[in-house]
Protein chains: 2
Amino acid sequence: MPGRPTTSQTPTRLLRYAAGRAEGRGDELATEEPLEIRLAGGGVRRTVALTMRTPGADAELAAGFLFGEGIVRERDEIRGIAAGDPEAADPRARGNVVTVDLGDRPLPDLGGLERHFFATSACGVCGRAGLEALRVRAAPLPPGPSVAPATLLALPRALAAAQGVFAATGGLHAAALFDAAGELQALREDVGRHNALDKLVGWALLAGRLPLAAGVVLVSGRASFEILQKTLAAGVPVVCAVSAPSSLAVELAQSFGVTLVGFLRGDRFNVYSAPERVAPLPL
Amino acid sequence: MPGRPTTSQTPTRLLRYAAGRAEGRGDELATEEPLEIRLAGGGVRRTVALTMRTPGADAELAAGFLFGEGIVRERDEIRGIAAGDPEAADPRARGNVVTVDLGDRPLPDLGGLERHFFATSACGVCGRAGLEALRVRAAPLPPGPSVAPATLLALPRALAAAQGVFAATGGLHAAALFDAAGELQALREDVGRHNALDKLVGWALLAGRLPLAAGVVLVSGRASFEILQKTLAAGVPVVCAVSAPSSLAVELAQSFGVTLVGFLRGDRFNVYSAPERVAPLPL
């Protein structure tokens, strides 16, 4: 469709009310569009997910999503990733499709993905079976890296600087990879925080950089179970959140030896698990 | 399991680093646990969803989720809601199940729910078919209510006061219903913002208060497509968010005549659609 947004920002008109006065003005919105993720293999094509996302980095998003769900485990399993579907009946849908091609191999078992949505009473996340499955999939975490407190404190500013003014106003969530010295390696953004992390992990998968055994990941929002699940699959030893972690995120981090840092703001942060990677910690 | 959290807060131990010093201390986390939503009807029982949620108000969450998905449309369709499953094999799972009983009626068509996850290329949200389906389901919005700017500006403080210190630190998302004079009617919280809104809508459904034709809803985070989808199904004419709306949220609001207010903070806010319900607006 001509004029459809294909970028991360969409212009809009609004009424701004401030200090007792209202005026019309233009502004930018974070673009949100559905993305259909298709898997092709052995002559079969199947839709495996529909997610609301910010357009851009769709190939990385699809790769990271499939990796996080355990459907794709190695970069070499992917023969190619095609963005868009020029034959879609709805013109608007044409840019909102991405197909991950596994070549001649038959499609992998999608049972795990379905369980993700339609759980049985032996459901994965409730019980030991799920944690064990995650343990098998996740690369063993190394003892390092060692990250200095001052390095951690500098990460939010580095993230905000890289995001730019628009995203920093709250329009977009971000997930960023740093090295142990605090150098930014990659940054991905999305209206959904899970998507931002999927894009980051997908980038790492496609670049042949997994597991991220010396990596420090910072997410702009909170740390939930799903955030930890995704970083664990990618082998990230240090996970930081600008806001609060949930109880299950802390439980997962403690169980797998992930260093989980929360409320990373200003001159302070909390360490919820594996504090030995934050050094030296002046107690 | 003895000692498992069944409340919205879970105690933890952490290392707090502040101003160059680290010390161990106790703190509270927002509880996150999986919830399996089951539907029973006509002698058949089926799991329809698994969501990560903060325990509490599970019946409202299930009712609101099923209403938002169009599976349950009237309060009278629900014969009862049972929390927990004492026979679950995993002790931890026993409190993480809720069953909505539709009585003798056969289970409704769950095709829409499945499309929600596994979309076809004629997928709902991309095309006109989806918007039309939503239009049929959503109650027509009334021209009112009229809400004064000063009333809107007071909502975030009322929300924060009702949430309390813990939630206000960032641990929990909130969704609140106000009347047009700014009086708080109901507040629900969750680690997930969609769940907080599902709980609020489920409360309204079970209390026989739908559609919320004179209601003003405030969500603590951003306004996404899904937030607007849920408020539209509940017939809410004025939707406010403390943070940014997405492009698709604005599009949906404009298409259905919802008054969408974003960045509602301090002495200011933005109106993205249907500003006639905000009056008087001194231009």
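The values are calculated or read from the model by the stated rules, or taken from the named source; none is laboratory data. Remember, predicted model here, so these are calculated numbers, not experimental data. Glycine gets a Cβ as well: all are built from the backbone with ideal geometry, and neighbour counts include every protein chain shown. All accessible areas refer to the heavy atoms of the entire protein, side chains included, with ligands and DNA or RNA removed. Shrake-Rupley method; radii C 1.70, N 1.55, O 1.52, S 1.80 Å.
Okay, here's what the table says:
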read-out: Cβ-vector label at 7 Å, residue A:161, separations to other copies in nm; value: 4.2
read-out: In Å², nearest 10: area of residue A:60 left accessible to a 1.4 Å probe; value: 30 Å²
read-out: Coordinate range along principal axes, alpha carbons of the protein assembly as shown, Å, largest first; value: 61, 56, 54
read-out: Charge dipole of the protein assembly as shown about the Cα centre (unit charges at C-beta), most positive-ward option of A:170, B:59, A:236; value: A:170
read-out: Under the Karplus curve 6.51 cos²θ - 1.76 cosθ + 1.60, θ = phi - 60°, whole-Hz ³J(HN,Hα) for the stretch B:215-224, x wherever Gly or Pro sits; value: x, 10, 9, 10, 10, 6, x, 9, 10, 9
read-out: Test item: Cα-centred dipole of the stretch B:149-277, Lys/Arg +1 and Asp/Glu -1 on Cβ, debye; value: 120 debye
read-out: Spin-label pair residue A:279/residue B:213, simplified geometry with 7 Å Cα→Cβ offset, distance in nm; value: 6.8 nm
read-out: Protein accessible surface hidden between A and B, which excludes ligands and nucleic acids, total in Å², probe 1.4 Å; value: 6000 Å²
read-out: Compactness of chain A - radius of gyration and Dmax, Cα, Å; value: 19.9, 64
read-out: Residue-normalised accessible area of chain A, given per residue in Å² at a 1.4 Å probe; value: 39 Å²
read-out: Dipole magnitude of the protein assembly as shown, debye to nearest 20 (Cβ charges: Lys/Arg +1, Asp/Glu -1, about Cα centre); value: 720 debye
read-out: List of the stretch B:68-101 residues, accessible area with partners at least 20 Å² below that of the chain alone (1.4 Å probe); value: B:90, B:92, B:93
read-out: All-pairs Cα distance distribution in the stretch A:149-277, expressed in whole percent, bin size 10 Å; value: 14, 51, 33, 2
read-out: Shape box of the stretch B:1-70 [Cα atoms, principal axes, largest first, Å]; value: 62, 29, 15
read-out: FRET efficiency, 1/(1 + (r/R0)^6) with R0 45 Å, evaluated for residue B:104 and residue A:28 via beta carbons; value: 0.25
read-out: Dipole magnitude (debye, nearest 20) for chain A, charges at Cβ of Lys, Arg, Asp, Glu; value: 460 debye
read-out: Largest-first ordering by accessible area, 1.4 Å probe, given options A:36, A:183; value: A:183, A:36
read-out: For B:36-45, mean number of other protein chain Cβ atoms within 10 Å; value: 1
read-out: Chain B: most fluctuating residue of B:82, B:162, B:249 per GNM, C-alpha cutoff 10 Å; value: B:82
read-out: Per-residue mean of C-beta atoms belonging to partner chains within 10 Å, peptide B:268-276; value: 5
read-out: Accessible surface of the stretch B:149-277, 1.4 Å probe, proportion on carbon and sulfur as whole %; value: 54 percent
read-out: Positions from the stretch B:204-248 whose accessible area shrinks by 40 Å² or more when the full protein complex is built, not the chain alone, probe 1.4 Å; value: B:222, B:247, B:248
read-out: Zone residues, the stretch A:27-47, relative to residue B:254, backbone N less than 18 Å from point 7 Å out along Cα-to-Cβ; value: A:27-34
read-out: Selected from A:24, A:215, A:68 as most flexible by GNM, with chain A as the system and alpha-carbon contacts under 10 Å; value: A:24
read-out: For residue B:83, inter-copy label distances in nm, listed shortest first [label point 7 Å out on the Cα-Cβ vector]; value: 4.6
read-out: Position residue A:24, label points 7 Å along Cα→Cβ, spacing to each other copy in nm (shortest first, one decimal); value: 6.3
